[in-house]
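The values are calculated or read from the model by the stated rules, or taken from the named source; none is laboratory data. None of the values given here were measured: they were computed from a predicted structure. Please note: Cβ atoms are built from the backbone with ideal geometry, for glycine as well, and neighbour counts cover all protein chains shown. In case anyone asks, the SASA skips ligands and DNA or RNA and just uses the protein heavy atoms, side chains included. Shrake-Rupley method; radii C 1.70, N 1.55, O 1.52, S 1.80 Å.
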Amino acid sequence: MSETPNTSQVSMQEFIVLIALLMSIVAISIDAMLPALGVIGVEFHITNSNHVQYLIGIFFAGMSAGQLVCGPASDAMGRKPVLYCGIFIYLIGTAICFFANSFGLLLIGRLIEGLGVAGPYVTAVSVVRDRYSGRDMARVMSVIMMIFILVPAIAPSLGQGIMLFASWRYLFVLYVVYALVIAVWIAVRLEETLPPSHRVPFNAANIVHGFKEIIRNRTTVSYMACAGISFGSFIGYLNSSQQIFQGYFNTGKMFTVYFGVLALILGIASLINSRFVRQFGMRFICIRSTFTITVTSALFLVVNLLMHIDLWMFLIYAAILFFSFGLMFGNLNSIAMEPMGHIAGIASAVIGATSSCLSLVLGSLIGQLYDNSLIPVVSGFLILGCISFVIMVSENSAKGETDETLSSEAPAVH
């Protein structure tokens, strides 16, 4: 691994676990709530079950907007001050959610949570980019993603467990405890990774300059779009997952088990990617993973139109998809961020906000199209997978890269 001079005194293993848990504030804020969506809909008299999905979508909306501020701020002030400020805002939103007496107020709380969580998320990506680059960054991000995935694997079960003994409102107590523990851990163990000499003043000119650099880089723009499009299909599934498992397949409380197993498959794939990305290259893996998602979705859509789908059939299909996503999620962001090391905070903000907005729009559309069938979700994976595949192939063709060069990229060095 190649590190910058401003390394932390924590070991690489502790660094990876800490950053993964920091990023996981996003995951636990979403996935622990999934088992409660039906109960919340009943309590607030939501007549259209698809509308409860807004609790997921508005969180992503707040996170997208928050990144545009947190990224440039972290380049100007350092990573840790932005992190602490974000967690403080997140805790305010969480308190509002706990005491909310209407669905509208609950949505406001979720929006503020999303705004706050942008701080930890941007900080996590920027800190990794401060220390690593190229395939080293992809490898570290893959291990981080593997640990990160353990949270959504167990979060629905945690949420379900809390609801066995208390109101769904106590999910927000879990969020508070989780965020505070991580904040204290970072305060004690993680040093600032952006020295004052490398900081970029927070002003409109620098933000505009950084934005222009990003949109002029074909690789960054292409893989930023692919990240948003790919994650859009994933959010479409996430929005509909409770309805699919508990409504369509009537799994009851076993929903959390199936959801967790699929998340673990994604984590295993991330670990595999960390082992092989240096050998095969990030683009090589992304293109083939996207192709697998597209072909598998096309075949499953045909099967779905011809016969009734049993749970085991859907689980096999979903397992293939989750494995493919696990291989490429860390790589997509690493490729997009690679040319932007000198403006990591702004780049992380713009890339994160843009891809999040794109995925939010696409995922919300897929979720709202849910009609008690699997067709909207599967069609989302198919159509968006095709678009991502075309973008990736076009970007690589423009660079004049062949399969051989894709699998033999020289590791980046600082």
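Which length gain, in nm to one decimal place, applies between residue 310 and residue 47 when the Cα-Cα distance is subtracted from 0.36 nm times their residue separation? Kindly include the intermediate steps, with their values, before the conclusion.
On the way: separation 263, 0.36 × 263 = 94.68 nm, distance 2.78 nm.
Using 0.36 nm per residue and subtracting the Cα-Cα distance, I get 91.9 nm.
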Study note, to complete from the structure: Taking Cα atoms only, Rg over Rh for the range 260-383 with Rh from the Kirkwood formula is 1.02
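Using 0.36 nm times the number of residues separating residue 371 and residue 203, minus their current alpha carbon distance, what extension gain do you get?
On the way: separation 168, 0.36 × 168 = 60.48 nm, distance 4.68 nm.
Gain on extension, residue 371 to residue 203, equals 55.8 nm.
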Review point. So how compact is the range 1-119: Cα radius of gyration and Dmax in angstrom?
Key: 16.9, 57
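Counting only Cα atoms, I'd like the Rg/Rh figure for the range 83-137, Kirkwood definition for Rh.
Values: Rg = 15.0 Å, Rh = 12.2 Å.
Ratio of gyration radius to Kirkwood radius for the range 83-137: 1.23.
Looking only at Cα atoms, what is the convex hull volume of the range 146-274 per residue, in Å³? Intermediate values should be presented prior to the final figure.
Details: hull volume 24.3 nm³, N = 129.
Here the figure is 188 Å³ per residue.
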Exercise for review: Would you calculate, for the chain, the mean residue ellipticity at 222 nm contributed by helices, counting each DSSP H stretch of 4 or more residues as -39,500 (n - 2.57) and dividing by all residues, to the nearest 500?
Suggested key: -27000 deg cm²/dmol
Point to revise | Of all accessible heavy-atom area on the range 81-197, the percent that carbon and sulfur account for (1.4 Å) | key: 78 percent
Revision key, fill the gap. For the range 235-246, in residue order, the Karplus 3J(HN,Hα) values (coefficients 6.51, -1.76, 1.60; θ = phi - 60°; whole Hz; Gly and Pro = x) are 5, x, 5, 4, 4, 9, 4, 4, 5, 5, 6, 8
Exercise for review: With +1 on each Lys and Arg Cβ and -1 on each Asp and Glu Cβ, and nothing else charged, work out how big the dipole of the range 143-268 is about its Cα centre, in Debye to the nearest 20.
Suggested key: 180 debye
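With a cut-off of at most 11 other beta carbons within 10 Å, and DSSP calling the residue loop, which trypsin sites (Lys or Arg not before Pro) in the range 214-272 qualify? Please list them. Write out the running numbers ahead of the final one.
Working: sites: 216, 218, 253; in loops: none.
Here no loop site has a sparse enough neighbourhood.
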Exercise for review: Please name whichever of 238, 61, 381 sits farthest to the positive end of the charge dipole of the chain, dipole taken about the Cα centre and charges placed at Cβ: Lys and Arg +1, Asp and Glu -1.
Suggested key: 61
Check your understanding: What whole-number value in Å² describes the accessible area per residue of the range 168-240 for a 1.4 Å probe?
Key -> 46 Å²
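Could you give the longest part of the chain that holds none of the chymotrypsin sites (Phe, Trp or Tyr not before Pro) found in DSSP loops with at most 16 neighbouring Cβ atoms within 10 Å?
Numbers: sites that count: 44, 202.
Counting only loop sites that pass the neighbour cut-off, the longest clear stretch is 203-414.
I need the fraction of alpha carbon pairs in the chain separated by more than 38 Å, rounded to a whole percent. List each step's numbers first, then the result.
Numbers: 13411 of 85491 pairs.
So the portion of pairs separated by more than 38 Å is 16 percent.
Could you tell me what percent of the accessible area of the range 305-384 is made up of carbon and sulfur, with a 1.4 Å probe and every protein chain present?
Numbers: 2110 of 2790 Å².
On the range 305-384, the fraction of accessible area on carbon and sulfur atoms equals 76 percent.
Per residue, how large is the accessible surface of the range 34-135? Use a 1.4 angstrom probe and give square angstrom. Let's see the in-between values first.
On the way: 3160 Å² over 102 residues.
Accessible surface, normalised per residue, equals 31 Å².
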Review point. Dipole of the range 158-227 (Lys/Arg Cβ +1, Asp/Glu Cβ -1, origin at the Cα centre): which of 211, 180, 167 lies farthest to the positive side?
Key: 211
